[in-house]
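Scroll down for the structure; my scribbles are underneath it.
No lab work stands behind these numbers, since they all come straight from the coordinates. Computed from a prediction, not measured in an experiment: that's the story for all the values here.
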Amino acid sequence: MAAMCADEPQGRSSGVSREGPFELLVGEGANVKVGAPLLKGGKVEGKVVAQGRADKIMIIKFRRRKHYKRVQGHRQSFTEVEITAISGA
């Protein structure tokens, strides 16, 4: 179906199935159900496709003519999850 990316690593290896009550809205057209905050009885199934780290970004602080420069790097960890099924309440 679709793939989504979570910001934090979930501690699961590739190919592992995961399910949980993560639905906020289900339906299409005039038949839409909205949860507050989640739908009761709804379920989302997915599997972990990949885990890794994104490209490094550089954070630079610089003040001209003041002999001041600070450079810091950051790499965000991620978990890519493929949504396999969504069942509504």
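Descriptive notes on the structure:
- Amide H partners (placed H, <5 Å) of V49, local residues excluded: G15, E80, V81, E82
- Backbone HN-Hα couplings from phi across the range 35-52 [Karplus 6.51/-1.76/1.60, Hz, Gly and Pro as x]: x, 9, x, 10, 7, 7, x, x, 8, 10, 10, x, 10, 6, 8, 7, 10, x
- Gain in span if fully extended, A54 to E80, counting 0.36 nm per residue against the direct Cα distance: 8.2 nm
- In order through the range 67-78: 3J(HN,Hα) via Karplus (6.51 cos²θ - 1.76 cosθ + 1.60), integer Hz, x for Gly, Pro: 6, 10, 8, 10, 10, 9, x, 8, 10, 8, 7, 8
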